[in-house]
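Notes for the one structure printed next.
The values are calculated or read from the model by the stated rules, or taken from the named source; none is laboratory data. Here the structure is a predicted model, which means the values were calculated and not measured. Every residue, glycine among them, receives a Cβ derived from its backbone with ideal geometry; neighbour counts consider all protein chains shown. For accessibility, only protein heavy atoms count, side chains too; no ligands or nucleic acids. Shrake-Rupley method; radii C 1.70, N 1.55, O 1.52, S 1.80 Å.
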Amino acid sequence: MQLKIYNSLSGEKEIFKPILEGNVGMYVCGPTVYSNVHLGNVRTFLSFDFIYRSLQHLGYKVRYVRNITDAGHLTDDGDVNNDRFVKQTRLEKLEPMEIVQKYTVDFHKVLEMFNLLPPNIEPTATGHIVEQIELTQKLIERGFAYESNGSVYFDVLEYNRRGLNYGELSKRNIEELFANTRDLDGQGEKKNPQDFALWKKASPAHIMRWNSPWGEGFPGWHLECTAMSTKYLGETFDIHGGGMDLKFPHHECEIAQGKACNDAAPVNYWMHANMLTMNSQRMSKSTGNYILPMQLVTGENDFFEKPFHPSIVRFCFLQAHYRSVLDISNDAMTASEKGFIRLMESLKIINGEHIKEKTGNQGTSGFNYSEWKGKAYDALTDDFNSPVLIAHLFEAVKFIFALNDGKETISTEELEDLKATLNAFVFEVLGLQNIEENNNEKLDQTLKVLIELRNQARKAKNFELSDQIRDKLLAEGIELKDGREGTSYVLN
Ligand code: AMP
Ligand code: ZN
């Protein structure tokens, strides 16, 4: 089986060859934790979660690094008022690190809700200031960067003078870039308008600041990803991902920094996930065209007629290929919900006991199990084509219903294999969760809270309350059992 990946750098689907056989190093640009993630952000992270799960399912050992941007990230190169963190600290009257903590926690909660697996390493920009200073020094020493009034800029023209090509990823022509550049604040310090900041001098108003050989300041956004990806994955690694909108300038700058530092391309396969739109417009905080994940799940919003379970949202997202735009709407979600329920019903049938009795009848649909399995894996390895994979899953769903009705046949061995394959695709690769099981998890958590409260009551010698908790639960058919390992429960 050959895995093909669409490489944004070449603009082609390529056969994937990892640097170290059987291993994959993957870096994905993480969130800027200055406010709540919106559903559009979730789509990008979910796309890469599916890719991560697929790589693992295909047998690769993956080191998945996804950073947290918790410093700087100016919306342009100049004014402190454009620093997203500075703005938010003023708005919420909090310390910068309180903002970072608050929204990092929110980010993790949201991703957990959609069943995203955590990355193997989740480094932060503020935890890698030293590395960023070292990289800046190296770029100055190699003649690719210059200091100007306490800030350090990458010299784009010098980069191209040495035969390198700034614009190779975004297919932009540097002359055109120069012609189209607006006058930006702070540009006076730069040799050329396209030069980008590696280190910025902190103005007195700037609260997130660090000492450096060039005075107090903070790192440029593009540099953090080069520093952290190099540190954890090496000077050249396999896959770099992020949203389509990060191609330029962010990823273009990462390539330039990597090549200027190490004389080698930092990344072999660039992967870009496409945008989530709502009302055919890109979802974005700044335009107000956005919905928070929790609002969709609770139903507290003006866009959708009812709440949708996170697993159905996840299923809806995966019904579009990661490189296609996805427009989320009430109709799209409702259709996904219907499909999701049918898929889960078929799993209940195939995972149940009585299906074995159904083998041996004469089939009519011509469903060929091994052919089907081949097609499903072809879809997965064809640039992670989730919609085609899901379409194949529904062929199996149809077959399972027919089998259940006694209209189909399959050998016992094939049935076992179909069961294992389908379960793996649905739960492991697509990462869907059975809604009922999820409710059980909630029950489990709730009971743990009650057990904890009962323990507290006992410690406080409030036996009236502790007995009341035990007896009331028992009346509901939930028996608490005290043992040496603590208290457990049995559902009667
Ligand atoms: P940010 O925190 O702004 O850096 O964004 C985090 C990630 O979300 C980036 O990879 C963006 O490309 C991605 N993103 C932002 N808006 C959308 C959207 N509407 N649809 C999909 N991804 C998005
Ligand atoms: Zn990045």
Would you mind putting 24-33, 388-397, 245-254 in packing order, based on average other-beta-carbon counts within 10 Å, highest first? 24-33, 245-254, 388-397
Per residue, how much accessible area does the chain have with a 1.4 Å probe, in Å²? 46
Where Rh denotes the Kirkwood radius from the mean inverse Cα pair distance, what is Rg over Rh for the range 314-429? 0.99
Please report the carbon-and-sulfur percent of the accessible area for the range 297-339; probe 1.4 Å, protein heavy atoms only, DNA, RNA and ligands left out. 49
Pop the C-beta distance of ILE435 and LEU94 into the FRET formula with R0 = 30 Å and round what comes out to the nearest 0.05. 0.25
Contour minus Cα-Cα span, GLN281 to HIS57, at 0.36 nm per residue, comes to 77.2 nm
Cα gyration tensor shape of the chain, rounded if a/c is under 1.5, else prolate or oblate by comparing a/b with b/c: oblate
Counted charge near THR487, where neighbours are those whose Cβ lies closer than 11 Å (Asp, Glu -1; Lys, Arg +1): +2
If the chain between MET1 and PHE463 were fully stretched, how many nm would it gain, using 0.36 nm times the residue separation less the Cα-Cα distance? 159.9 nm
Net charge contributed by nearby residues that have their C-beta within less than 13 Å of THR226 (K/R +1, D/E -1): -3
To the nearest 0.05, how large is the calculated FRET efficiency for LYS375 and GLU414 if R₀ is 22 Å and r is the Cβ-Cβ distance? 0.90
Below 24 Å, Cα to Cα, which lysines can LYS190 reach? Residues fewer than 8 away in the same chain don't count. LYS138, LYS171, LYS200, LYS201, LYS247, LYS259
Cα gyration tensor category, rounded, prolate or oblate, for the range 114-227 with a/c compared to 1.5: oblate
Taking R0 as 25 Å, what's the FRET efficiency between GLU300 and ARG323 from their Cβ-Cβ distance, rounded to 0.05? 0.20
Using 0.36 nm times the number of residues separating LEU164 and ASN351, minus their current alpha carbon distance, what extension gain do you get? 61.7 nm
In the range 1-118 the DSSP beta bridges are antiparallel at a rate, in percent to nearest 5, of 40
Students often forget the sequence filter, so: which lysines lie under 25 Å Cα-Cα from LYS306 once same-chain residues fewer than 8 apart are removed? LYS109, LYS285, LYS338, LYS442
Starting from the Cα gyration tensor of the range 4-273, take the square roots of the eigenvalues, sort them a ≥ b ≥ c, and report rounded, prolate or oblate (rounded when a/c is under 1.5, otherwise prolate if a/b is larger than b/c, else oblate). oblate
